[in-house]
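Notes for the one structure printed next.
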Amino acid sequence: MKPLKLSPERRERLIGQVQTMFARDFDETLSDFRAGEIVDRMTALIGPGVYNQAVEDVRAHLQGRLDDLSGEVFVDDSA
């Protein structure tokens, strides 16, 4: 799996959210750099697990749809 790459807009939004969370919950002001480091490290740390879970969720969904396929399109040709 290649590393998860956030768009610049999403990364900036997450940086702002981390800064807000630290200010609210920990009474600590983070610079853009420090908040960016947290976003980058957390993305690298949890990104693969989130990716793998998403792939498994899609696989299970598609398998369910395939399992239903016979009931959805089956035509009785015994006549």
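Coordinate-derived values only; no laboratory data. As the structure is a computational prediction, the values presented were derived from the model and not from experiment. Note that we place each Cβ from the backbone using ideal geometry, even for glycine, and neighbour counts take in every protein chain shown.
Quick rundown of the values:
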read-out: Estimated inter-spin distance, GLN53 and GLU9, nm [label 7 Å along Cα→Cβ]; value: 2.5
read-out: Using alpha-carbon coordinates, inclination of helix 8-26 to the longest axis of the chain, degrees; value: 60
read-out: Value at 222 nm in deg cm²/dmol, rounded to 500, when DSSP H runs of n ≥ 4 in the chain each add -39,500 (n - 2.57); value: -28000 deg cm²/dmol
